[in-house]
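Structure record follows, encoded as structure tokens.
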Amino acid sequence: MMLKWKQNNKSAGASPPVAFSVVQRGHRKYIEEIRIVSKIAINLTFMIGSFVSVIAAADEPAERFLQALRDEGYFDIAVDYLSSLENSDLISDAFRQQLPFEKAETMVASVKTVRDPKIADARLNEAQKILTEFAGKDQSLESLARTLRYQGNLYHSRVKVNDLLGASDRLTATEKEVFADQSRELLKNALKSYMLAREKVRQLIDPASPEGLKIDPQDPASLAKVKQFKTLYTDIRVRIPLVIEQLADTYPDNHPQRITDLTNAVSEYKDVYADYSSFPAGLDALLFAARCSQKLGQHKEAVFLLEDIFNLNDSSTFRKLKRSAFLVACDSWNKLEAYPAAEISARLEPVVAVLNREEIRDPAWLRIQMELAIAKHQLAVEVRAAGGARSSSDSDDLDRQAAKLLRGIVRIPGDHRERAEQLISEWNITIAAKTEPESKAPATFVDAKQRAQDLVLEIETLLGENSQLKRQLASAAESDKPSTKTLLAESTERLNEQALAALTFLDSTLDLADDTTARADINSVRSLQSFCYFAMGQYFESAVIGEFLLEKYPTVDGTRAATTLMIQSYLQLYDQAAEADKSYELGRLSRACTAVVERWPGSSETGLAASTLVRLAITQKDFATAEQYFAQLPENYAGRSQLASRLGQRMWFDYRAKLANTVDRQILDPQLKQAKVFLELGAREATLDQLDYETALGCLLLVDAHLEAGEIELAVQRLENSEIAPLDLIKQKHPAITQSPAASLFRQESYKIAIKAYLASIHHSDNPQAWIDKASGVIAAMREDMEANDDPQARQRVTQIYGLIATELLAQFEALSSAEEKAKFANSLLSFLASIEKDSNDARIVLWAGSTLLNVAQSVNDLGQPNEAKPLYQQAVSALSRAETLGFAGDPQAPAMTTELQRQRALAQRGSGNFEGAIEQFALILEKNPRNLKVQLNAAETLQAWGKSAGRSKLYTEAVMGARPFTDPTTKRPSKLIWGWEKICTATRGNEKTQDAFYQSLYQLAECRMEYGLLEQKKEAIASALQEIENAEKRDPELGGAIWKRKFLELKNQIKQHLQQ
Amino acid sequence: MPIRIQTRLLLTLLLVGGICHQLTCPTAARGQDETVYRLRADGGTSKVSGKVTEITPFGVTVQSNSGPLEIPFAEIDKVVTVNEPLEVGRARDRLETGRFDDVLAELQKITDPNKAPAARNEIEFLTAAATAQISLRGGSVTAQDAGRTMVEYLKNNPTSYHFYPGTELLGKLLLAVGRPELAEPEFAKLIESKSKAMILRGYFSRGESLIEMGKFADAATAFQAIQSMEANDDLTQSYKLLAKVRQAKAQALQGQFAEAIQAIQDVIKVESPDNELLFAYAYNSLGTAQLQANNLKEAATAFLHTELLYSSQSEPHAEALYQLALIWPQLEQTDRASRARNTLKTRYRNSFWATKL
């Protein structure tokens, strides 16, 4: 039967059923119980799946799609999808009837992604309504039974959410009482639903019942259905007493209702045990019955009930159950009138004797070891009191055993250490005197191995302390470092001494081995040797032993433990090796890890090995190999999400680097997709309470990756609403961020990416103002953050980020395909930038806003939309003037920035049609520095544009010959402040650095002559323009490169056409 | 070869040597029966009583009731003479159990060796053998002193059936003092011993000496001789594998390290690691080959296997320590080098490797 149960469980798959997941989120105290309950009930996913498949086999694609949406966490889409199916012809009526149920289930499942208990409560409430309405409809008994049971689960889930809400510190005692009452009501409702469900299911599975399911020998599905309902029946039966017990706990200790409920719970639990005594569910029920008896103060009864569990064998199957039973028993034994020391010793000693290394350190087992020590000491007292020939030696022996246990507990940091120390003191036990004399040589290999394990246990503790001191030293303040260093040195010395002594002992242990010694025992000793070397930092030695065992004795016990050390040792050696020569370490590490992965797929050792291989592959940017080994990681591997995130990040960084080197975007597209997959995986498996910096960064970069892929909505969703939302992490001051040395960088990147996301949303939205407001809000938060954090480089950073935003905005603008879109985007930008300018009193930011506006205005103008560009130019003028007024006081770059500001303002003035003002501005700048080539070019351009705009030939002449006569301060000769194209040509000719300016001025010169000729209707002027170009061609047939050559040829053709007319 | 068998051979030789001495000594109690304990294939012994009529380095001939019986030295557990002092028997037992200091202590208790002249040869050999073993195990006797004792014994007893075991010990002592060129001819004598085990050891030890002399090709030939032997019993098989890995070492030292590494790794991969002697030599050979290939870390790893996992095999362990003492400084691991050096100097202080360091 047991085997059958296991097979059923196996066939049900590893993932927890949806409904169970919901229940597992139930009341915290009951999580463990419900987890256990879920084991017996056969995966509900399978069950529900089977129900649906029975109902609507034809609806399989819809059902599969729905399940896939749920699995991927797309609950909102799943709900929408279900709504869309209501009027669909593609599903059967039977499945259509189930839609409300599916919807409720989806909503409940979605709660796990919600952090705010209020939202969770609202969602569960809505699901509840749907389900209640569904239950009220006329439906089959099967459907009703299932709905009732699910309703019970839903009520139960709501208890947890309600308890969370009621636990808020902001509530008054009366308000908390209200929540407590609500939880009680919810539990009552859950109980009612379960009891009704039990009744209905019982009718279905009772062959004598007229409504019972009939088994058709010709139809295997009919038998399967009965089996499913039987399983469901068991599940409900186990849940009922759990809810009753939970309900009892809502009352004060001596409340009559509490006593009644607990008594009922005991009775129900006992019934379950009676029916399923050989099943885990039955044994769990027995444990819970004992717990309820204990709550009732019936300690003798509690211990009596646990007897059956005590008598189970010590296999791993029952270890946890027995541990729980002993914990309950420990409390009850201490409440009995006479402390049953002999019974406790007899019960606990055999179990404690076979604890493995992990169990010995487990807090629950430590509690049990403590109880055994207490019992042994009590026995010693009794033996001593009874007197007799051997009373002294026997009691000493017992005390020695008790002391040994306590000494073991003291070695392990944790809650029990202090109590153990206290007992040692109370009992007046001198540890050294009372423990076994270490000098006595072990007689057999097994004795020696046991003692060696004790020694190594001590080293483990020392190693833990040593590591802790290393961490402390890394984060210690300068003033604390000397004392921490001293402590660390002492600790290291102690550790090395112990490890060396242990190694000597282990050598002598191996000398005791003979032909009868089991290879597994020898391997265990080898494994301990490996650990000792590891503790001493002798990683070569540690790794060699581990690798040897792996290669030659892979199937022998003890080898797996050593392989973990082997990988860690090679990792240390790899880290320690010189950067230039890590080939040996890399080779060994890769080979060892590969061997582990191949040897024990799915194991925790494979987790470490595969993750190491992934890391190595990442280092080498071998993403294909990294992916291959990532796939080998066990699903439950603790560092899986972190690693996924890291892999995704490295893929993403690599993608960006390649993109910067102008690799074709299409070629890189698969890499972007994979980066997203891994970042998504890292984000999905992460939880807020266990979040680390690496994963948080992955979540942030995922936003960026979505933006890169054009998935703006997903980016914003990830940014704002996902469980790990980067902006929320900053707001919450999450320790994963605040405790990271890169906290500041994370915040800046978050702001930058958030602004990018919001700006990207502008042109996709019907309400761009909303996105502008969000972007402005983030900018304000960013500035506030930097000021609050007293960042000395805050201004520079803010300016850098603004620069990036400007680049991003322009890139977005350029990427738009139609002029209309561009105009719309420009309009949105106008509001955005105007609001920034208005809200800021920082000249740099206002300057940035003005510059950005100018750039966008020029782009719009270049599109041939001068009217649309005009308001942008005007706003730019306004912003730049305000920036000048605010000033750049204290900034060493102030003069250069002011000149640039004035130049840009002149350009903006020109764009808005104020040519005169622009020329005045350029002249002012040139008065200070006539050799400012950039401004000379701008001024000549402006004169030419003004001439064209006003139809004034004099301006063309000035554009060519120069304007504003003045005396050159250097040569003292009469000259012109604005040079004009001719002088620029002369000044820039033959200089490689000013080659572009030369060809521009030459081009503009020819253009000016042509336009002048056209304006004045003088063909010779037009011909002189042609002559200018032809002369230039003779001097340089390439005309300064492809771009200029094309422009010159176009102009030449234009001139020729004019000359022909 | 296990100490027990070797010691039995030594003891047997001692007794026969005593008889031999009697043959040349007119005061010997001739005509009296002796008992030869003969080793059986199953590990037990059988007794043969009678007059020993002939003693040669190859064995003894006993005139038993059923006629003359030739017993090869390799099959002689012990030969007990009449009136043998009790201390001789106890010394023999101590030698058998590796308590070499106690052997000498027992023999010193014999106040008048002339009371039992037939045992004098045995006493001399037990003294030489125990002294050699003490020296080879890093005891208080130098290899030179032990060697002199053994040379004296062999010189005085050239026809003793202890001849080959004594010669083997002498070879080892010569090697220990760093004279492989003198050890090699001693080991070469063993090849003539007509005893399969002794021949195998002769070839093997000769090969080892030739390597130390820098005659790698000759060493390879010596190891090849073992591999070409037709016998296929366990002992021969075991030596064939040993010869294979040491031949690979010789090959590596001639520059063919890649082939050598492959050959050794094949052995490591296939054979049982419980064959400690083979694995110790295999890892040492691998270490040498890696050194030749200039792979220092790989070499260190190989020698570390012997150091950590096969330290019970004294000869290869000493070699591994020697090599590690030289490699670690090159890997900037001076602490480790110092540890290896100290262990070698204390644990194997009279060994060839300690002398070489």
**Prompt:** Checking A:PHE548 against (1) within 35 Å of the chain's Cα centre (by Cα); (2) facing chain B (nearest Cβ under 10 Å); (3) buried (at least 21 other Cβ atoms within 10 Å of the Cβ), which single condition isn't satisfied?
**Reply:** (1)
**Single residue of B:ALA280, B:ALA300 found to be in a helix (DSSP H, G or I), in contact with a Gly (Cβ under 8 Å, 6 or more places away or on another chain), within 13 Å of chain A (Cβ to nearest Cβ) and of a type in the set (A, V, I, L, M, F, W, C)** = B:ALA300
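So is B:GLN256 within 14 Å of chain A (Cβ to nearest Cβ), without any contact (Cβ under 8 Å) to a residue 24 or more places away in the chain and out of contact with any Lys or Arg (no Cβ under 7 Å at 6 or more places or on another chain) or not?
Values: within 14 Å of chain A (Cβ to nearest Cβ): no; without any contact (Cβ under 8 Å) to a residue 24 or more places away in the chain: yes; out of contact with any Lys or Arg (no Cβ under 7 Å at 6 or more places or on another chain): yes.
Considered against the rule, which asks whether it is within 14 Å of chain A (Cβ to nearest Cβ), without any contact (Cβ under 8 Å) to a residue 24 or more places away in the chain and out of contact with any Lys or Arg (no Cβ under 7 Å at 6 or more places or on another chain), B:GLN256 comes out as no.
What's the total number of residues in the stretch A:712-753 that are among the small types (Gly, Ala, Ser), buried (at least 20 other Cβ atoms within 10 Å of the Cβ) and in contact (Cβ under 8 Å) with a residue 40 or more places away in the chain? Outline the logic, then answer.
Looking only at the stretch A:712-753, we keep the residues that are among the small types (Gly, Ala, Ser), and these are A:715, A:722, A:725, A:736, A:740, A:742-744, A:750.
Restricting the remaining residues to those that are buried (at least 20 other Cβ atoms within 10 Å of the Cβ) gives A:715, A:722, A:725, A:736, A:750.
Now drop any that are not in contact (Cβ under 8 Å) with a residue 40 or more places away in the chain, which leaves A:715, A:722, A:736, A:750.
Summing the residues that are among the small types (Gly, Ala, Ser), buried (at least 20 other Cβ atoms within 10 Å of the Cβ) and in contact (Cβ under 8 Å) with a residue 40 or more places away in the chain in the stretch A:712-753 gives 4.
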**Asked** Is it the case that A:ALA535 is of a type in the set (A, V, I, L, M, F, W, C), more than 12 Å from every other protein chain (Cβ to nearest Cβ) and without any contact (Cβ under 8 Å) to a residue 24 or more places away in the chain?
**Response** no
**Asked** What residue, among those in the stretch B:247-284 that are more than 20 Å from the chain's Cα centre (by Cα), of a type outside the set (Val, Ile, Thr) and crowded, with 24+ Cβ neighbours inside 10 Å, is nearest to A:ARG519 (Cα to Cα)?
**Response** B:TYR283
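Examine the stretch A:508-517 for a residue that is assigned to a helix (DSSP H, G or I) and either within 10 Å of chain B (Cβ to nearest Cβ) or modelled with pLDDT of 90 or more (or both), and state whether such a residue exists.
Here is the first cut: in the stretch A:508-517, the residues assigned to a helix (DSSP H, G or I) are A:508-511.
Filter again for either within 10 Å of chain B (Cβ to nearest Cβ) or modelled with pLDDT of 90 or more (or both), leaving A:510-511.
Looking through the stretch A:508-517, at least one residue is assigned to a helix (DSSP H, G or I) and either within 10 Å of chain B (Cβ to nearest Cβ) or modelled with pLDDT of 90 or more (or both).
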**Asked** Mind checking which residues of the stretch A:393-424 are surrounded by fewer than 16 Cβ atoms within 10 Å (Cβ to Cβ), assigned to a helix (DSSP H, G or I) and at pLDDT below 80?
**Response** A:SER393
**Asked** Does the stretch B:299-311 contain any residue that is surrounded by fewer than 23 Cβ atoms within 10 Å (Cβ to Cβ) and more than 24 Å from A:ASN523 (Cβ to Cβ)?
**Response** no
**Message:** Whether any residue in the stretch A:678-693 is assigned to a helix (DSSP H, G or I), within 20 Å of A:LYS752 (Cα to Cα) and either touching a Ser or Thr at 6+ places or on another chain (Cβ under 6 Å) or free of Cβ contacts under 8 Å to residues at least 12 places away in the same chain (or both) is what I want to check.
**Reply:** yes
**Complete:** Picking from A:VAL178, A:VAL238, A:VAL226, the residue that is in a helix (DSSP H, G or I) and under 21 Å from A:ALA265 (Cα atoms) would be A:VAL238
**Message:** Any residue in the stretch A:973-991 that is more than 16 Å from A:LYS934 (Cβ to Cβ) sitting within a Cβ distance under 9 Å of a residue that is β-branched (Val, Ile, Thr) and assigned to a helix (DSSP H, G or I)? List the pairs, counting only those 6 or more apart or interchain.
**Reply:** A:GLU982/A:VAL960
**Request:** For A:THR564, indicate whether it is away from chain B (no Cβ under 12 Å) and in a helix (DSSP H, G or I).
**Result:** yes
**Request:** Please list, ordered by first then second residue, the pairs with beta carbon atoms under 7 Å, 6 or more apart or interchain, first in the stretch A:371-384 and under 25 Å from A:ARG323 (Cα atoms), second outside any helix (DSSP H, G or I) and at pLDDT 90 or above.
**Result:** A:GLN378/A:TYR339
**Item:** So A:GLY464, is it in contact (Cβ under 8 Å) with a residue 40 or more places away in the chain, within 12 Å of chain B (Cβ to nearest Cβ), closer than 27 Å to A:ILE412 by Cβ and under 38 Å from the mean Cα position of the chain (by Cα)
**Value:** no
**Prompt:** Among the residues of the stretch A:486-499, is there at least one that is assigned to a helix (DSSP H, G or I), under 30 Å from B:ASP274 (Cβ atoms), touching a residue at least 40 places away in the same chain (Cβ under 8 Å) and within 14 Å of chain B (Cβ to nearest Cβ)?
**Reply:** yes
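I'm trying to understand the selection: among the residues of the stretch A:594-611, which are in contact with a Phe, Trp or Tyr (Cβ under 8 Å, 6 or more places away or on another chain) and either within 14 Å of another protein chain (Cβ to nearest Cβ) or surrounded by 19 or more Cβ atoms within 10 Å (Cβ to Cβ) (or both)? I'd like the intermediate steps shown before the answer.
Within the stretch A:594-611, the first condition is being in contact with a Phe, Trp or Tyr (Cβ under 8 Å, 6 or more places away or on another chain), and the residues that meet it are A:597, A:604, A:606-607, A:610-611.
Hits for the stretch A:594-611 are A:VAL597, A:THR606, A:GLY607, A:ALA610, A:SER611.
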**Request:** Return the only residue of B:ASN275, B:ASN294 being within 22 Å of B:MET213 (Cα to Cα) and within 14 Å of chain A (Cβ to nearest Cβ).
**Result:** B:ASN294
**Message:** One residue is enough: does the stretch A:245-259 have a residue meeting the conditions over 25 Å from A:ASP284 (Cα atoms), among the hydrophobic types (A, V, I, L, M, F, W, C) and either touching a helix residue (DSSP H, G or I) at 6+ places or on another chain (Cβ under 9 Å) or touching a residue at least 40 places away in the same chain (Cβ under 8 Å) (or both)?
**Reply:** no
**Prompt:** Can you tell me which of A:ILE244, A:ILE236 is over 19 Å from A:ASP163 (Cβ atoms), out of contact with any Pro (no Cβ under 8 Å at 6 or more places or on another chain) and of a type outside the set (Gly, Ala, Ser)?
**Reply:** A:ILE236
**Prompt:** Quick one: which of B:GLU307, B:GLU315 is of a type outside the set (Gly, Ala, Ser), assigned to a helix (DSSP H, G or I) and more than 10 Å from chain A (Cβ to nearest Cβ)?
**Reply:** B:GLU315
**Asked** Do we have any residue at all in the stretch A:611-622 that's outside any helix (DSSP H, G or I) and in contact with a Lys or Arg (Cβ under 8 Å, 6 or more places away or on another chain)?
**Response** yes
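Answer with yes or no whether A:LEU714 is within 21 Å of A:VAL614 (Cα to Cα), in a helix (DSSP H, G or I), hydrophobic (A, V, I, L, M, F, W, C) and touching a helix residue (DSSP H, G or I) at 6+ places or on another chain (Cβ under 6 Å). Break it down stepwise before answering.
Values: within 21 Å of A:VAL614 (Cα to Cα): no; in a helix (DSSP H, G or I): yes; hydrophobic (A, V, I, L, M, F, W, C): yes; touching a helix residue (DSSP H, G or I) at 6+ places or on another chain (Cβ under 6 Å): yes.
No, not satisfied.
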**Asked** Taking the stretch A:147-174 only, how many residues are among the charged types (D, E, K, R) and in contact with a helix residue (DSSP H, G or I) (Cβ under 8 Å, 6 or more places away or on another chain)?
**Response** 4
**Prompt:** Mind checking whether some residue in the stretch B:333-354 is crowded, with 16+ Cβ neighbours inside 10 Å, within 14 Å of another protein chain (Cβ to nearest Cβ), touching an Asp or Glu at 6+ places or on another chain (Cβ under 6 Å) and not basic (Lys, Arg)?
**Reply:** no
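Can you find a residue in the stretch A:567-579 that is under 22 Å from A:ASP454 (Cβ atoms) and without any contact (Cβ under 8 Å) to a residue 60 or more places away in the chain? Even if it seems obvious, please write down each step before you answer.
Taking the stretch A:567-579 and keeping what is under 22 Å from A:ASP454 (Cβ atoms), we get none.
So far as the stretch A:567-579 goes, no, none of its residues is under 22 Å from A:ASP454 (Cβ atoms) and without any contact (Cβ under 8 Å) to a residue 60 or more places away in the chain.
Residue check: is A:GLN538 more than 24 Å from A:ASN356 (Cβ to Cβ) and out of contact with any helix residue (DSSP H, G or I) (no Cβ under 7 Å at 6 or more places or on another chain)? Don't jump to the end; show me each part of the working.
Details: more than 24 Å from A:ASN356 (Cβ to Cβ): yes; out of contact with any helix residue (DSSP H, G or I) (no Cβ under 7 Å at 6 or more places or on another chain): yes.
So A:GLN538 fits the description; yes.
The values are calculated or read from the model by the stated rules, or taken from the named source; none is laboratory data. Given the structure is predicted, the values throughout are model-derived calculations rather than measurements. Neighbour counts are summed over all protein chains in view; Cβ atoms, including those assigned to glycine, are modelled from backbone coordinates with ideal geometry.
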